Amino acid sequence: MMKKFEIIPIILLCFILSSCREGYLSEKEFYWASKTLKRIEETSLPALGPQSLNIPIAAFEKIAEKYPGTPKAVESLFVVANLRLRQKDSESARAALAKVIQNYSGKGNWAADARMQTAKLYEVENNWDKAEETYWDLAEYEGLRQNALYAPIMILSHYKKVGNDPKKLRDAYLKAIGHYVSLRKDLGPINQSTAVTNYLALTYYTQDEFQPAREEWLSIVKDFPGSGYAPLALLAAAEAAWKQGSYDQALSEYEKFFESYPKSEIAGKIAVRLGLLYQERKNYEKARFWFSKVPSYLNKGESLQTAIPDSELLIAKAYQDEGNWADAEKKYDELVSKYPLSAAALQVPLIKNAYYQSATQVEKAQLILKDAVQYYEELQKKHPNTKVAAYAKRFMYAAFSQQGDWTAMLKNIEDEINLEKNADRRGRWMFLKAMVTQNRLKDKEQATALFNDFLTDYPEHSLSDLAKVFQEHAPQNNPPAGS
C-alpha cells in the first residue's frame, strides 16, 4: 500500500506536467495562429479588407479560452485587441483588453498595459471623460508599475495640450501631486520611493514649476546616490535649471554628472548634450572639448565606431558656426579621409554644398553635389544590403532635393517600387512618389492618380489616412518649366 505522504509529490508532479503541457500546446497554437495571420495579411487582406482578419482573430480567441493560465493566452488577447482596431471595432478591442484586466491583475505588467491601451483608445475616440477615468484607475490600482506612475502625467499633458480648461488642469495637477505624495508616504524612505519622487518632479516640470521639480530630483541624488534614478535625476535637474534660465547652474550640474557617474551608459550622449549647450552659448572651445570627449565615455564596438566620426562632425560644425570655415573644412576633409563609409562622412558633401551656396559660389556647390550623387550610387552598388548602402541612398535623395532634381528622384523611387518585395516598404515608396509629384512637380492630376493607386493597393497601410488628407488639400496644377 502506498504511504499517504508519497501521494503529495505525485500530485504535484502531475500538476507541473499538466502546466507544462498547457504551455507547450498554447505556444504551438499561437505559432499556427500567427502563421494564419501572416498568410491573411499577404493574400486576403489587400483584396477583401479588414473583415478577412476574423479568421486569425478566432484562432487567437480560442487560445485565450483553452489555455487561460498561460502567457500565450494573455498575449493572444493583446493580438485580438490590435486586430479589432485594424477593423475599426474599438468596442471589441476594449472587450479583449477588459479580459486582460479582469483575469491577469497582479500578474506582471499585463493589466497595467491593458489599462493604458484602453485609456488611449478612449482618447483616440475623443471620449476624454472615460480616458481620464481609466488613467486614474491605472494610477490607483497598478501601484508602482511604470504605466501606472506615468498615467497622471498623461492626464496633465492632455489638459495642457487642449489649453481650454485651466480649472480642470489645475485640479488634475493638484490631484497628481497628492497621489504621488501619498504613495511616497506609504512607501517610506526606501529605494523604490525614488521612482515616485521622479514622477512627482516630472509633474511639477510639466507645469513649468522648475524650482520644486529641481528640488525633488536633487533630493534623489542626495538621499539615494546609488539608485538607478540618481544619474537621470541629476540630468533632469540640469535641464530644469536650463529652462529656468540658470545657465551656469545647468552647466555645472551637467559637469557634476561626469564627476559622479563617469561610467554611466548614457555618459556619451550627455557629453554631446553638454557640447551642444556650450555651442548654443557660443562657447565653441568648450563645445569642441566635450564633443572630443564623447568616444572616451563609450564602450568598444559598433557604438564607438559610430560615435568617433559623429563627434568629429560635431567638432567641425562648431568651427563652422564660429565662423571659422577654414578649420571647419579641414576637419570635414579629415573626417572623410579617416572614416569614408561613416554616416557622418557621407553628410559632408551636403554640408559643403549648403555652405558654398550661401557663399554664392554656385558652380562649386553644384559640382560637389554632382560628384556626391555619383559617389552615393557607387556605394550602393559596392555595398548592397548594408548600412553603408542605406546611408548612401538616404543622402542621395537629400542631394536630389538640394539640387531640385525631382525627375531623378522620381526615377529612383520608381526603381525602389519595382524592386521592393515587402508590402509596407513598397507602400511607403508609392506614397513618397505621390508626395513628390504633388508638392514638388505641382502636378495635381498625376498625384491624385498615384494616391489612388496607393490607396487601392494598400487600403490598410499606416499612411492611408494621411494620403487621403493630402489628396483633399492637393495644389492646383502648375508644373514648373523644365521639371
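The values are calculated or read from the model by the stated rules, or taken from the named source; none is laboratory data. Being a predicted model, the structure only gives us computed values, none of them experimental. Please note: Cβ atoms are built from the backbone with ideal geometry, for glycine as well, and neighbour counts cover all protein chains shown. Protein only, heavy atoms only, side chains kept; ligands, DNA and RNA dropped before computing areas. Shrake-Rupley method; radii C 1.70, N 1.55, O 1.52, S 1.80 Å.
What FRET efficiency, computed as 1/(1 + (r/R0)^6) with R0 = 35 Å and r the Cβ-Cβ distance, is obtained for residue 211 and residue 305, rounded to the nearest 0.05? The calculated FRET efficiency here is 0.25. Taking every protein chain into account, the accessible area of the chain amounts to 56 square angstrom per residue (probe 1.4 Å).
Phi-derived couplings, Karplus 6.51 cos²θ - 1.76 cosθ + 1.60 at θ = phi - 60°, listed residue by residue for segment 95-112: 5, 5, 5, 5, 5, 5, 4, 5, 9, 10, 5, x, 10, x, 8, 4, 5, 4 Hz, with x used for Gly and Pro. Note that segment 401-416 has calculated 3J(HN,Hα) couplings of 5, 5, 6, x, 8, 6, 5, 5, 4, 5, 4, 5, 4, 4, 4, 5 Hz, one per residue in order, obtained from phi through the Karplus relation 6.51 cos²θ - 1.76 cosθ + 1.60 (θ = phi - 60°); glycine and proline are x.
Farthest toward the positive end of the dipole of the chain, out of 233, 276, 26, is the Cα of 26, where the dipole comes from beta carbon charges about the Cα centre. Students often get this wrong, so check it: of 28/130; 160/393; 293/352; 88/421; 364/393, which have C-alpha atoms separated by over 29 Å? 28/130; 160/393, as the Cα separations exceed 29 Å there. Available extension along the chain between residue 120 and residue 285 is 54.8 nm, counting 0.36 nm per residue and deducting the alpha carbon span.
Protein heavy-atom surface of segment 73-180, 1.4 angstrom probe: 47% of the accessible area is carbon and sulfur, with nucleic acids and ligands not counted.
The mean sequence distance of close C-alpha pairs (under 8 Å, at least 6 residues apart), as a share of the length of segment 417-473, puts its relative contact order at 30 percent. For segment 192-252, the Cβ-based charge dipole about the Cα centre amounts to some 100 debye (Lys, Arg positive; Asp, Glu negative; other atoms uncharged). Computed with a 1.4 Å probe on the full set of protein chains, the accessible area for residue 363 sits at about 150 Å².
Electrostatic tally near residue 114: other residues with Cβ closer than 14 Å to its Cβ, Lys and Arg +1, Asp and Glu -1, net +3. So which trypsin sites (Lys or Arg not before Pro) in segment 48-97 pass both tests, a DSSP loop state and at most 14 other Cβ atoms within 10 Å of the Cβ? Sparse-neighbourhood loop trypsin sites (Lys or Arg not before Pro): 88.
Extending 7 Å from Cα along the Cβ direction at residue 382 and again at residue 258 yields two label points whose distance is 3.5 nm. By accessible area, using a 1.4 Å probe on protein heavy atoms only, segment 192-252 has 47% of its surface on carbon and sulfur.
Using a probe of 1.4 Å on the protein chains alone, the accessible area found for residue 193 is around 10 Å². Hey, quick one: spin label on residue 456, modelled 7 Å out along Cα-Cβ, who in segment 411-433 has an amide N within reach, i.e. under 11 Å? Answer for segment 411-433: none. Coupling constants for segment 116-123 follow from the phi torsions by the Karplus curve (6.51 cos²θ - 1.76 cosθ + 1.60, θ = phi - 60°), and in residue order they are 4, 5, 5, 4, 5, 4, 4, 5 Hz; glycine and proline get x. Round to the nearest 0.05 the FRET efficiency obtained for residue 36 and residue 416 when R0 = 25 Å and r is the Cβ-Cβ distance. So, using R0 = 25 Å, E works out to roughly 0.25. On segment 417-473, 50 percent of the accessible area sits on carbon and sulfur atoms, based on a 1.4 Å probe.
Full extension of the chain segment joining residue 88 with residue 337 gains 84.3 nm, where the gain is 0.36 nm per residue of separation less the Cα-Cα distance. Let me make sure I get this right: for segment 363-483, a, b and c are the square roots of the gyration tensor eigenvalues over alpha carbons, sorted descending. Under 1.5 in a/c it's rounded, otherwise prolate if a/b > b/c, else oblate. Which is it? Cα axes put segment 363-483 in the oblate bin.
Full extension of the chain segment joining residue 370 with residue 133 gains 79.5 nm, where the gain is 0.36 nm per residue of separation less the Cα-Cα distance. The relative contact order of the chain, computed from alpha carbon pairs under 8 Å that lie at least 6 residues apart in sequence, is 6 percent. The charge dipole of the chain, taken about its Cα centre with unit charges on the Cβ of Lys, Arg, Asp and Glu (plus for the first two, minus for the last two), comes to roughly 740 debye.
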